[in-house]
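Worksheet: one structure, shown below.
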Amino acid sequence: MNQYFLLIACLQLWSLITPVNPASTWGPLIFIFAVSATKEAWDDYNRYLSDKKANEKEVWIVRQGIRKLIQAQDIHVGNIVWLRENDEVPCDLVLLGTADPQGICYVETAALDGETDLKTRLIPSACMGIDVELLQKIKGVIECPTPDKDIRRFDSNMRLFPPFLDNDVCPLTIKNTLLQSCYLRNTEWACGVAVYTGNETKLGMSRGVPEPKLTAVDAMIDKLTGAIFVFQIVVVIVLGIAGNVWKDTEARKLWYVRYPTEGPCVLFSTAGILDLVKGLYAKFIDWDDQMVDVETGTRSHAANTAISEDLGQVEYILTDKTGTLTENKMIFKRCCISGRFYGNENGDALTDVQLLNAVSSGSTDVIQFLKIMAICNTVIPVRSKSGDISYKAQSQDEEALVRAAARLHMAFVNKNGNILDISFNASLVRYEVLDILEFTSDRKRMSVVVKDCQSGKIFLLSKGADEAILPHAYAGQQIRTFAEAVEQYAQLGLRTLCLAWRELDHDEYQEWASMFKEANSTLVDREWRVAEVCQRLEHDFEILGVAAIEDRLQDGVPETIETLRKAGINFWMLTGDKQNTAIQIALSCNFVSPEPKGQLLMINGKTEDEVCRSLERVLLTMRITNSEPKDVAFVVDGWALEIALKHYRKAFTELAVLSRTAICCRVTPSQKAQLVELLKSCEYRTLAIGDGGNDVRMIQQADIGVGISGREGLQAARAADYSIGKFRFLKRLILVHGRYSYNRTAFLSQYSFYKSLLICFIQIFFSFISGVSGTSLFNSVSLMAYNVFYTSVPVLISVLDKDLSERTVMQHPQILFYCQAGRLLNPSTFAGWFGRSLFHAIVVFVISIHSYAFEKSEMEEVSMVALSGCIWLQAFVVALETNSFTILQHIAIWGNLVAFYVINWIVSALPSSGMYTIMFRLCKQPSYWITMILIVAAGMGPVLALKYFRYTYWSSKINILQQAERLGGPILSLGNIEPQPRSLEKDLSPLSISQPKGRNSVYEPLLSDSPNATRRSFGPGAPFDFFQPQSRLASSYTRNCKDN
């Protein structure tokens, strides 16, 4: 659209084809660009001040063996940087030494990933024992990868030169680094060597400019702008031909006619207005006190100011589970140890008498189970001055297990380097951590190799998902009971972890440790090689039991999902949890109705054939049941999903179109993003919501990304277009802010076209009575004022307009269908505004010309009469389209009309203005005021009559709600309560079906403001149920899906 405006402005620099002064076009354009440029300049200036402050911060470094105080911007790669407690890390460092004898320091990474818990960082093993004074003289080489933005990986090697270490390779990981913008905490000092500086740090590489997102409204406006451009080309061609014909015939009879010019062009001010109001929409979200998390004081925030109207057109919501639907506050609830269940009777294993007795009696399996809970983790115990112990953990699961073990007298009391102190029944047991086999989304388990400092025995302790632990039990162990426990706990919606262990021979461990060290030293495919080596050790487990952890739903989640489902929005849950756990959470939060009203269809399989048969069966069932008023959802796990997306994408796409609800379990972050892309390829408007770093890809891929500022940090919130404190605020974000933004933007954009076309049509009509000479009826100053001031100020106040109250919108979410279907902005509604502008142009032109042109009036008088008529019509059009009047709106509409006369009186008093005394003379003439009355009556009379007819005899559901609000009474019924049947092809072909070309939607409004131009439509004679959910498919909705 901006390219179009610039093109028109450039054309008007050509005097042969423009009838007006180029200032009338370039003035508004420069004003619009100046406003945008000023905003960007202000943002850039604030960023400059922030960068300047960071760059000029003073830090201590060692350069050529001498310690110096320099500015952070002067740090070079290879410099040794010294930090004190609470200092901010100025660049990415590899840790060399700390004040702790064990080489440990603590960092706060909230500025990097939003996680507030302290994390431990270790100096490399090669630097252990080096004296503080020698650190200033240390020399060596670090082999590190090219700069990247992955804050969780740093696969490098370090070699120290003699005398420190004889050129031996020391592997480095992310735990040996201090990244830029982190803070050193609870550590007196630390030093490290700079490896990445400036924009090459991991934080600097993460500062990418997000790709702009094009909203559905913007896409429609671009299409309409293109149509207007074609229209103007046609007008120019027609008038050019007419001008040449007139020149060769009539002009030859007139001696004073020499060089006719052609073609009126008018610049629209749509872009500037929309940029301004979209910024206000974003501020409304920031200022909304009803979207503030009371517990944390977190306010909602709109990071993207350009897509608010898309919130009102959301069709699919893809949501994470843990921390998004749930509180992410883990509580240890039940367990199964050696086949015995604890906590089933009272729902809390920690108060189960049998478990307490087993602990006090020293049951071997129970004690070993508690040891794994206390030791197999990355938790940091922190002792306060009063002696109380608190735990800092990156995983809420780990914290819940450690706390539960402490309540059962197996307390993790201290961590000194690799030495762990465990207190059991007042006796202290000490273990040395030899190796940590970290959790990954592929392995789905975590293990630690520990050495009992008293006996010298070495143990492997593991915990993880059931499919990652149970298959690796030693031969002969019965695991059926544990599998049943996992299923039982999953049916209760609890998260499960299996705990196992085995004793290691010293020789076996030594051989494996060398392989593990070698894998950790690899610079290429280090993660894959480490996982392969871990697999060599993690086998022949003795399964001890299953721990079940509760993660409660957030307040208001079921009500929010139920309300948004009534609004026709489809929900997909994408989670890494087990299938049964996800299903139970889905049932509890109204994702799907329980039997018999609801039906779950499972897609399982480990091979292509199994997935093919399962997918075909689900598709057949979905097609057969699509005519039944049943809530049908499909469930798929990550393995089957991978196969389906790779080999049966078209069939899976059809299934996605047919089903309102999907539950995807055990999915990876990349699979989440693939599912978003799949729905977008079918031109659905998608919203992705999550709270953790594993949700970032999904959030960035969706049309709208929403992040929750949760316990997993702020990574999702920072990557999102909108951030909220709780999931329940999503309802207000969509139904109130999204719907209002769409309605207002639809009116603003079409009104901007209307008022510009009005002047354009008058110019065209005038050309036919001016010999098609291209002479402009209006002077340049009037045209510029008309676009920038006279018609823009009143409509800007429409950002406060509300067609319905917030309470009504929340009570009747079904009215969101009008936004989803694009009922307020489409070619049909634009045609209505186009026709209105044409009709009003005829009225203004005919009445103005007949009133003044034949009275020997000056052309400036006729121009002012026509312009006055346009301004009067604008005021009444805006008043007619306004739903809720406030003082500001009255001032803007009628005050602007008064301001028009005040400004023109002032201009008329200036002899050099070209309008000297024009307005004074007109206002003294009764005929002028009679002309204004005639223009308003003739222009608004038919519009009012048509609006009254439609409101009375063809009213929409919104009109009914508006009437109910005015009368102050509730609406009990709107139409028959009868589900709309879904229609599908009767031919049930196998999985080789083509990409679905038809797609029908749910919950269609019976009537819209533009019934002939909708993306969705009803079948003939279908009754509309306003309050009861209807089926997924209407009969004649079509949408093409891209072939993938």
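Kindly evaluate ARG495 against the criterion of being basic (Lys, Arg), over 30 Å from LYS329 (Cα atoms) and either surrounded by 15 or more Cβ atoms within 10 Å (Cβ to Cβ) or at pLDDT below 90 (or both).
no
Quick one: VAL844 ticks every box in (1) buried (at least 17 other Cβ atoms within 10 Å of the Cβ); (2) within 27 Å of GLN290 (Cβ to Cβ) except a single one, so which number is it?
(2) is the only condition that VAL844 fails.
For region 119-142, enumerate the residues that are open to solvent by 80 Å² or more (accessible area, probe 1.4 Å) and under 17 Å from LYS517 (Cβ atoms).
SER125, MET128
Would you check which residues across region 413-451 are modelled with pLDDT under 90, open to solvent by 30 Å² or more (accessible area, probe 1.4 Å) and basic (Lys, Arg) and list them?
LYS415, LYS444
I need the helices (runs of 4 or more DSSP H) fully contained in region 901-970, keeping only those with at least 3 residues that are touching a residue at least 24 places away in the same chain (Cβ under 8 Å) and surrounded by fewer than 16 Cβ atoms within 10 Å (Cβ to Cβ).
Result: 926-953.
Kindly provide the set of residues from region 385-412 that are open to solvent by less than 30 Å² (accessible area, probe 1.4 Å), in contact with a Leu (Cβ under 8 Å, 6 or more places away or on another chain) and free of Cβ contacts under 8 Å to residues at least 60 places away in the same chain, ordered by number.
ALA405, LEU408, MET410, PHE412
Give region 763-817 a look and list any residue that's in contact with a Pro (Cβ under 9 Å, 6 or more places away or on another chain) and of a type in the set (Phe, Trp, Tyr), or say none.
Within region 763-817, PHE766, PHE817 qualify.
Only one residue in GLY226, GLY204 is part of a helix (DSSP H, G or I), modelled with pLDDT of 65 or more and in contact with a Gly (Cβ under 8 Å, 6 or more places away or on another chain), so which one is that?
Among GLY226, GLY204, only GLY204 is part of a helix (DSSP H, G or I), modelled with pLDDT of 65 or more and in contact with a Gly (Cβ under 8 Å, 6 or more places away or on another chain).
From GLY545, GLY568, GLY556, which residue is more than 27 Å from GLU467 (Cβ to Cβ) and in contact with a Leu (Cβ under 8 Å, 6 or more places away or on another chain)?
None of the other options fit; the residue is GLY568.
Could you tell me whether any residue of region 473-484 is in contact with a Gly (Cβ under 6 Å, 6 or more places away or on another chain) and open to solvent by 20 Å² or more (accessible area, probe 1.4 Å)?
Checked against the condition, which is being in contact with a Gly (Cβ under 6 Å, 6 or more places away or on another chain) and open to solvent by 20 Å² or more (accessible area, probe 1.4 Å), region 473-484 yields at least one hit.
Based on what the data block shows, is PRO145 open to solvent by 20 Å² or more (accessible area, probe 1.4 Å), at pLDDT 80 or above and outside any helix (DSSP H, G or I)?
Criteria met by PRO145.
Considering only region 528-552, state which residues are outside any strand (DSSP E or B), acidic (Asp, Glu) and either surrounded by 15 or more Cβ atoms within 10 Å (Cβ to Cβ) or touching a strand residue (DSSP E or B) at 6+ places or on another chain (Cβ under 9 Å) (or both).
GLU538, ASP540
Taking the condition of a type in the set (D, E, K, R) and loosely packed, with under 13 Cβ neighbours inside 10 Å, does ARG152 pass?
yes
For region 436-482, enumerate the residues that are touching a residue at least 40 places away in the same chain (Cβ under 8 Å), assigned to a strand (DSSP E or B) and within 38 Å of the chain's Cα centre (by Cα).
Correct list: ILE436, LEU437, ARG445, MET446, SER447, VAL448, SER462, LYS463.
So which strands (runs of 3 or more DSSP E) are wholly in region 615-692 and hold at least 2 residues that are over 25 Å from GLN715 (Cβ atoms) and at pLDDT below 90?
Result: 631-637.
Provide a single number: the residues in region 321-330 that are open to solvent by 10 Å² or more (accessible area, probe 1.4 Å) and either out of contact with any Lys or Arg (no Cβ under 9 Å at 6 or more places or on another chain) or modelled with pLDDT of 90 or more (or both).
Result for region 321-330: 0.
Just to be sure, is THR668 over 23 Å from ILE285 (Cα atoms) and open to solvent by 20 Å² or more (accessible area, probe 1.4 Å)?
Yes.
Which pairs turn up if I take residues in region 509-520 that are modelled with pLDDT of 90 or more and look for partners that are buried (at least 16 other Cβ atoms within 10 Å of the Cβ) and part of a helix (DSSP H, G or I) with beta carbon separation below 6 Å, at least 6 apart in sequence or on another chain?
Listed by first residue and then by second, the contacts come to TRP512/LEU537; MET515/VAL533.
Report, by residue number, each residue of region 330-366 that is in a helix (DSSP H, G or I), under 22 Å from PHE541 (Cβ atoms) and over 46 Å from the mean Cα position of the chain (by Cα).
Answer for region 330-366, where residues must be in a helix (DSSP H, G or I), under 22 Å from PHE541 (Cβ atoms) and over 46 Å from the mean Cα position of the chain (by Cα): ALA358, THR364, ASP365.
What number of residues within region 217-241 satisfy the criterion of being small (Gly, Ala, Ser) and either over 28 Å from VAL314 (Cα atoms) or surrounded by fewer than 12 Cβ atoms within 10 Å (Cβ to Cβ) (or both)?
Selection size over region 217-241: 2.
With LEU748, LEU730 as the choices, which residue is in contact with a strand residue (DSSP E or B) (Cβ under 8 Å, 6 or more places away or on another chain) and part of a helix (DSSP H, G or I)?
The conditions single out LEU730.
Could you look through region 372-408, keep only residues that are in a helix (DSSP H, G or I) and of a type in the set (Val, Ile, Thr), and pick out the one that is nearest to GLY545 (Cα to Cα)?
ILE372
Identify all residues within region 775-795 that are of a type outside the set (A, V, I, L, M, F, W, C) and either closer than 22 Å to PHE876 by Cα or open to solvent by less than 10 Å² (accessible area, probe 1.4 Å) (or both); write none if there are none.
Within region 775-795, SER782, TYR786, ASN787, TYR790, THR791, SER792, PRO794 qualify.
The values are calculated or read from the model by the stated rules, or taken from the named source; none is laboratory data. Model, not experiment: these values are computed from the prediction. Every residue, glycine as well, gets a Cβ built from its backbone with ideal geometry; the counts of neighbours run over all protein chains shown. Just so you know, the surface numbers come from the protein's heavy atoms only, side chains and all, with ligands and any DNA or RNA stripped out. Shrake-Rupley method; radii C 1.70, N 1.55, O 1.52, S 1.80 Å.
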